[in-house]
2 protein chains.
Amino acid sequence: MSETLTGPRNLEVALGERSYPIHIGPGLLGEPGVLAPWLAGRQVMIVTNEVVAPLYLERCRASLPAGVEVRELVLPDGEATKTLASVSRIWDALLEAGFNRRCTLIALGGGVIGDMVGYAAACYQRGVAFIQVPTTLLSQVDSSVGGKTGVNHPLGKNMIGAFWQPRAVLIDTDTLATLPPRELSAGLAEVIKYGLIRDADFLAWLEAEMPALRALEASALTRAIERSCALKAEIVAEDETEQGVRALLNLGHTFGHAIEAHQGYGVWLHGEAVGAGMLMAAELSARLGWLSEAEVARTRAIIGAAGLPLAAPADMSVEDFLVRMRLDKKNVDSRLRLILLRTLGDACLFDETPAELLEALIEAFPRG
Amino acid sequence: MSETLTGPRNLEVALGERSYPIHIGPGLLGEPGVLAPWLAGRQVMIVTNEVVAPLYLERCRASLPAGVEVRELVLPDGEATKTLASVSRIWDALLEAGFNRRCTLIALGGGVIGDMVGYAAACYQRGVAFIQVPTTLLSQVDSSVGGKTGVNHPLGKNMIGAFWQPRAVLIDTDTLATLPPRELSAGLAEVIKYGLIRDADFLAWLEAEMPALRALEASALTRAIERSCALKAEIVAEDETEQGVRALLNLGHTFGHAIEAHQGYGVWLHGEAVGAGMLMAAELSARLGWLSEAEVARTRAIIGAAGLPLAAPADMSVEDFLVRMRLDKKNVDSRLRLILLRTLGDACLFDETPAELLEALIEAFPRG
């Protein structure tokens, strides 16, 4: 992991006939025709939001070949728009444009746009092509890989959706220059997660390179995104529909979802909640005798170095956590299943955590 | 095709790990526990409509094993309810009941219920189990096999949906006793279609047995349904997502959709429009020199014997047809693709029909 990198990197998500490439590097967006190889036909709709449109819509349009019919749809920004009503707006626009089954949707934006556009593509005329152009670190390393699409419901996050793979993912690291620092940190939470669950060498590399990453050094970003996507792609290829190993990607997420749900979605960023949640998972793993105190300290240090919270919300009681955690949809038939760490770089799904141990961990975990 | 049949018949739709069984016969619904093998977990929701509920909901409930949590949702009847709003009601009910990813939906009713419940299952928490219990002939031989699910949009039929396979299909031929004769005829249109596109022997058998079918003789019904499902299952297994041979199932449908759209959906039954549409396809095939006049006469005779219309709506002009047919979603990139007959029992996809020939056919076709 030590060589210097320049130029774009390519990798493949291996899913048989649903395999697709990920292209990563600076300056990719805006290259004339760079999106051409993955268009299903001549009808293209770029869907983005009000924040991203002024920054990158023109560059995205310039990435298309001549002779295609391009429509644009600009939705409001934010997690609150990740609803069936927004997806319906996409479907309305597609039908009003007379788009057929060989159209292509382009998701230009963060995870909210990617999830909604992917779901719109999954269900328009029972499935059309789409391309992910993620513009936030979180969506570059997480939601753009793996085919999870969907929207929130008033009674739960991501409750309505589909597994639907993009034709390709185009990650232009230059787009991170306009990302607020807090969102960069939130994306780093997921990057750290890949190291924690599956790659101790990558974790050590991240410990060394965290300052470079936060300073947006292009070669460090490209390498971090590439390794994150590769690790996620490996896992997704093993388990496309989350029957087994894919669940490990949820390290920190059951705690994190509890925090997000308690605060109201959008108060903490998803990555911030996952950051604190991963530390809770690490501390619980130590209480089970799996992690050493030194390993917990390393976990705490790298989460802190990424600019992520090391404490839960001040007003969250043990009961607040427990109630939210039991509603998490990963808990099949109401058994509490948690992703924990056997050691740094090796996660496991564990459903026998004694309730007392969990409660004691939550009780003792700092609030801030 | 001549032996006498009694008792239930079983067949398998071969789709690799998405394979599922179809059970056909009298008296299946209501057998205690008959649905047990296909439940994913202990949470079950039966979704039906106001017409079917008083007839078969109790029997469906009795088909479940003891110890499962059963919820029921009764929607209004009719094609007009096949909307995203109705599917949202199913999602709301599932979330309000706290149903998790191991729940099972049961679609009890005709094609509208099957399509909506299948789509609800496809997208609830990115996909849960569902069982089809079709109670109309049309849904038994058509929409319950093949995994097409979805809803209508104000701008087009079946525009929003997914491919999602059921765990099993349970076809109780006794449910046809309460089906209005007009709907029985509409179902027979699709049965005849299988003979026309792929099985000349079956077509000959149907010519002989049409009176028995319309008199609801159980052994004839069981055989007709079994052979129809087997033919559709073969085609779907070859081409799950409609890239090729599956398109042949649309014989008569481009004409039929034009009739339905022109009249307003629900004026003609789908099967009635397909009946007239198949005759139009047969006559066009004759104009191309493929079918003999005797074969067209056989086609006309069996469609008439099933009680289906042999004329298009009186007020439909050539232009009315052409405008609607070009909007049909099977016409990729605006080329007019029609399913036609090379001979009885052998259909093909043909996209080189001269416009004059098509217009002359529509012009000459009887109105009534």
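Structural remarks
- Cβ-Cβ contacts under 8 Å between residues 6 or more apart (or on different chains), taken from a first residue in the range A:8-29 that is at positive phi to a second residue that is among the acidic types (Asp, Glu) and at pLDDT 90 or above, are listed as A:Gly25/A:Asp172; A:Gly27/A:Asp172; A:Gly27/A:Asp174.
- Highlighted here are the helices (runs of 4 or more DSSP H) found entirely within the range B:35-139 that include at least 3 residues which are more than 27 Å from A:Ala85 (Cβ to Cβ) and modelled with pLDDT of 95 or more: B:58-62.
- Qualifying positions in the range B:195-246 - out of contact with any helix residue (DSSP H, G or I) (no Cβ under 9 Å at 6 or more places or on another chain) and among the charged types (D, E, K, R): B:Glu226
- A single entry from A:Ala220, A:Ala208 fulfils the requirement of being assigned to a helix (DSSP H, G or I), surrounded by 20 or more Cβ atoms within 10 Å (Cβ to Cβ) and out of contact with any Lys or Arg (no Cβ under 6 Å at 6 or more places or on another chain): A:Ala220.
- Taking the range B:248-258 as the range and being more than 17 Å from B:Gly161 (Cβ to Cβ) and either of a type in the set (Ser, Thr, Tyr) or under 14 Å from the mean Cα position of the chain (by Cα) (or both) as the test, the residues that pass are B:Leu248, B:Leu251, B:Gly252, B:Thr254, B:Gly256.
- Filter pass, A:Val245 being within 30 Å of B:Gly161 (Cα to Cα) and either in contact with a Ser or Thr (Cβ under 9 Å, 6 or more places away or on another chain) or of a type outside the set (A, V, I, L, M) (or both): no
- Among (1) closer than 17 Å to B:Ile46 by Cβ; (2) more than 14 Å from chain A (Cβ to nearest Cβ); (3) of a type in the set (Val, Ile, Thr); (4) buried (at least 24 other Cβ atoms within 10 Å of the Cβ), the one test that B:Thr81 misses: (4)
- Filtering the range B:89-104 to residues that are at the interface with chain A (Cβ under 9 Å from one of its Cβ atoms), at negative phi and surrounded by fewer than 17 Cβ atoms within 10 Å (Cβ to Cβ) leaves B:Asp92, B:Glu96, B:Arg102.
- In the range B:31-42, the condition of being more than 30 Å from B:Ala218 (Cα to Cα) and crowded, with 16+ Cβ neighbours inside 10 Å is met by at least one residue.
- The residues in the range A:135-187 that are β-branched (Val, Ile, Thr) and either surrounded by fewer than 23 Cβ atoms within 10 Å (Cβ to Cβ) or within 14 Å of chain B (Cβ to nearest Cβ) (or both) can be counted, and the count is 4.
- Taken over the range A:158-176, the criterion of being under 14 Å from the mean Cα position of the chain (by Cα) and not hydrophobic (A, V, I, L, M, F, W, C) is satisfied by A:Asn158 alone.
- Considering (1) free of Cβ contacts under 8 Å to residues at least 40 places away in the same chain; (2) crowded, with 17+ Cβ neighbours inside 10 Å; (3) not polar (S, T, N, Q), the lone condition that B:Gly67 does not fulfil carries the number (2).
- Qualifying position, being touching a residue at least 24 places away in the same chain (Cβ under 8 Å), more than 18 Å from B:Asn152 (Cα to Cα) and buried (at least 18 other Cβ atoms within 10 Å of the Cβ), among B:Gly275, B:Gly271: B:Gly275
- Scanning the range B:116-127 for residues that are surrounded by fewer than 24 Cβ atoms within 10 Å (Cβ to Cβ) and in contact (Cβ under 8 Å) with a residue 40 or more places away in the chain yields nothing.
- Count of residues meeting criterion [in contact (Cβ under 8 Å) with a residue 60 or more places away in the chain and touching a Phe, Trp or Tyr at 6+ places or on another chain (Cβ under 8 Å)] in the range B:291-324: 1
The values are calculated or read from the model by the stated rules, or taken from the named source; none is laboratory data. All values reported here derive from a predicted model rather than from experimental measurement. Counting neighbours? That spans all protein chains shown, and the Cβs are built from the backbone with ideal geometry, glycine included.
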